[in-house]
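All of the numbers you see were taken from the coordinates with simple rules; none came from a lab. If you're wondering where the values come from, they're calculated on a predicted model, not measured in any experiment. FYI the Cβ positions are ideal-geometry reconstructions off the backbone, even for glycines, and counts take in every protein chain you see.
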Amino acid sequence: MNASAHGSLAKVVDHLGTTLLHVAHGGARDGADIGGIVIHDPVDEAVLPSHALVLGVGLHQPDEIVRLLADLGRRNAVALIVRAPVPRDTGLAAAAEASGVALLGLTRGASWTQVAAMLRTIIAEGEVGMDGPQTLGGAAFGDLFALANAIAALIDAPVTIEDRRSRVLAFSGQQDEADASRAETILGRQVPERLSRQLTDLGIFRDLYRSRGPVYVPPMRVGREDLTLPRVAVAVRAGEETIGSIWAAVHRPLTPERSQALRDAAKVVALHILRLRAGTDVERRLRADLVGTALEGRAGAHEALSRLGLADRPVVVLALALRDRAAADSFAGQDADLTTERERLADAFAMHLSAVHPRCAAALLGDVVYGLVPAPHAYDASQAQAVRVATDFLDRVGTRSGAVIGVGPTGEDARDLARARSDADRVLRVLRTGRGEQQVARLTDVYVESLLLELRDLISTRGDRPTGALAKLSAYDEERQSNLIDTLRAWLDTFGDINAAAAAVHVHPNTFRYRLHRLADVGGLDLTDPEARFAAMLQLRLFRPHASAESGGPAIRRHAAT
C-alpha cells in the first residue's frame with residue numbers, strides 16, 4: 001500500500017495500525033482517498049459516499065460480514081472495520097478479495113466514537129482553499145500524527161500530543177513500549193481521570209504550564225496498578241497561552257540534546273494547532289458564505305450549491321434557532337455565552353445532518369442555523385423525512401437549549417431555495433414567539449399563526465389601534481377597571497359555551513351572562529352575527545395582551561376581575 005496517499009486507508013493503517021487496527025484481509029482500493037466515515041446500521045440503508053470507510057458496529061457473525069462485504073463492494077467502499085478478533089473463516093478472505101473491500105479488526109476496549117473521531121482527523125483534507133499540501137516543520141500541515149512520529153524518532157520515546165483538557169490529539173507509534181496507563185489513554189483518547197487527578201494533586205500540571213522547558217515526571221502508582229513509566233512533558237504555547245502539551249514515556253530523563261529537541265518540537269506543534277484552528281475557522285466562514293449564497297437564490301446560487309455538492313437535486317431547508325424567551329431567560333446579559341451556545345448548536349446540527357446524508361450542509365447565519373438536506377423527489381416523503389431528522393436532533397440535544405426548527409418546503413433548484421428559506425423563516429418565527437411547546441413544524445402546521453404575525457407587523461407599522469366594538473370595550477375597561485374584553489375573549493374561545501367560559505374567568509355562569517349582555521350593550525356588538533364575531537375574534541388575536549412586547553404591535557390592556 002502507498003503510505004503517502006492522502007486520506008487513504010494506507011494512511012489510516014500507518015497511524016493506527018500498531019495500536020488500534022490490524023488488517024485481516026487487504027482490499028483493492030487501499031490507496032484510494034477515503035470519501036467519508038459511515039456507521040453501518042442493519043435496519044436502515046445509509047447513503048454511502050464514494051470510497052467510504054464503514055464501521056461495522058455490532059457485527060461479529062461471519063455470514064453477516066460476508067453479506068455486508070458484497071454489498072459494500074457494489075457500492076465502491078474502501079474498507080469495513082469490525083471488532084477484533086476477526087473471525088477466522090475462509091469465506092471472509094474470499095469475500096474481501098471478491099468485493100475489493102479491505103477487512104480490518106478494531107482492538108477490544110477501543111471506543112467506536114473515539115475511533116470515528118480519530119479517523120475523521122486523519123482523513124481530513126486540511127485547510128480550505130489550498131491547492132496542494134503544505135508543510136510545517138517537515139510534516140504535512142495539520143497531520144499531527146506524522147508530527148508525533150517525527151518527535152518520537154527525535155527523542156527515541158513514544159509520545160502523545162494533548163490539549164489543555166488532556167484529550168489526545170495525536171500519538172506516535174511504538175506505544176507498545178509504554179505502559180498500561182498510556183494504552184488506556186490512547187484507547188479512550190483521554191488521560192484517565194484517576195491519573196489526571198493525581199497529576200493535578202502532585203502539582204505536575206502547575207509546574208508544566210509554568211515551565212518553559214521539559215518537566216520530568218517520576219513513576220507514579222495509580223491505585224493498585226504497577227508503577228507507570230516516567231514521563232517527560234513540555235507545554236505547547238502560542239505566545240502566553242498554553243494550548244496543549246507533549247508527553248513522552250521514557251525510561252530515564254532525556255539528555256540535554258533530546259530535551260532541546262523536545263522544546264523545539266513544541267514550537268512546531270503550536271504552529272500546527274494554530275493553523276488547524278485557523279483552518280477550522282476559515283472552513284466555517286467559507287461554508288457559511290456558500291450556504292448564504294445558495295439561500296439567496298440569485299446569481300451564484302447554483303455555483304454555491306455545486307461547491308456544497310447539492311446542485312441539480314431537490315433540497316429541503318431547515319432553520320434552527322433558540323426560542324426568543326428561552327434565550328432571553330438563559331443568557332440574559334451574557335452575549336458571549338449566547339453566541340457560544342449558538343455555535344455549539346450549529347456544530348452539533350451539522351454533525352447530525354452529516355450522519356443522515358453525506359451531502360448535507362449547515363451554517364450559522366446571524367442567529368439562525370440553516371441546514372440543507374438532499375431530499376427524495378416525492379414532496380410528502382421529503383417533508384416527513386425532514387421532520388423526522390429535525391425531531392431526532394432535538395431529542396438528542398434535550399430541552400435545555402430551548403431550540404426549535406422550522407421545516408421549509410422542498411426547493412427543486414437554486415431558484416426555489418430563496419422561497420424555501422423564507423417559508424422556513426416564517427415557521428421558525430412562529431415557533432420562537434409562540435406560547436406552545438411545539439419544537440418542530442412545517443408551514444402547513446402554523447400557516448394561520450404565521451399570517452397573524454405578519455398582520456401584526458402591518459398594523460404595528462401603520463400604528464393601527466382597535467376599532468369598532470373592540471375599541472369601545474377597551475375604553476370602557478380602561479375607564480371603569482372592568483373586564484369586558486376578557487369576558488368576550490372567553491366566550492369566543494369556548495364557542496359560546498357559557499359554563500366553560502365562566503369557569504375560564506372564574507365567575508358564576510349567571511354573572512358571566514350579565515357581563516355578556518353588558519359588553520353587547522357597551523360595544524354595540526351583535527353576538528348573533530357571524531361577521532361581527534369574526535371581526536371581534538380577529539382583532540383579539542391581532543391586538544393580544546402584551547403583544548407589543550412580543551411582536552411590536554399595540555396591546556389591549558388586561559385587567560383583573562372586579
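Quick notes on this structure:
- Length available on full extension from R462 to S196: 0.36 nm per residue minus the Cα-Cα distance, which gives 89.4 nm.
- Protection proxy ranking, peptides 24-30, 456-462, average beta carbon neighbours within 10 Å, highest first: 24-30, 456-462
- Among the trypsin sites (Lys or Arg not before Pro) found in the stretch 37-101, those both in a DSSP coil and sparsely packed, with 11 or fewer other Cβ atoms within 10 Å of their Cβ, are R88.
- Considering only the Cα atoms of the stretch 135-277, their convex hull presents on average a projected area of 7.7 nm².
- Cβ crowding within 10 Å averaged over residues, with 158-167, 310-319 ranked highest first: 310-319, 158-167
- Over the chain, dividing the summed -39,500 (n - 2.57) contributions of all DSSP H runs of at least 4 residues by the number of residues returns a 222 nm mean residue ellipticity of -16000 deg cm²/dmol.
- Approximating the spin labels as points 7 Å out from Cα along Cα→Cβ, the R480-to-A94 distance works out to 9.5 nm.
- Two tests apply to each whole DSSP H helix in the chain, Cα reach of 24 Å or more along its axis and mean Kyte-Doolittle hydropathy of at least -1.0, and the ones passing both are 256-296, 335-356, 379-397, 414-433, 443-462.
- Considering only the stretch 306-460, percent of DSSP beta bridges that pair antiparallel, nearest 5: 85 percent
- Extent along principal axes [Cα atoms of the stretch 464-551; Å; largest to smallest]: 35, 26, 25
- Calculated log₁₀ intensity ratio I(q)/I(0) where the Debye formula runs over C-alpha points of the chain, q = 0.10, 0.11, 0.12 Å⁻¹: -0.95, -1.07, -1.20
- Among beta bridges identified by DSSP and lying wholly in the chain, the antiparallel ones come to about 75 percent.
- Sorted from longest to shortest, the spans of the Cα atoms of the stretch 446-512 along the three principal axes equal 41, 33, 16 Å.
- When the GluC sites (Glu not before Pro) in the stretch 206-277 are filtered for DSSP coil states and for at most 15 other beta-carbon atoms within 10 Å of their beta-carbon, the remaining sites are E225, E240.
- Relative contact order (%) - criterion: Cα under 8 Å, at least six apart; region: the stretch 464-551: 30 percent
- Kirkwood analysis of the Cα pair distances in the stretch 306-460 returns a hydrodynamic radius of 15.7 Å.
- The relative contact order of the chain comes to 9 percent, based on Cα pairs under 8 Å that sit 6 or more residues apart.
- Charge context of A95, other residues only, Cβ under 13 angstrom, K/R +1, D/E -1: -3
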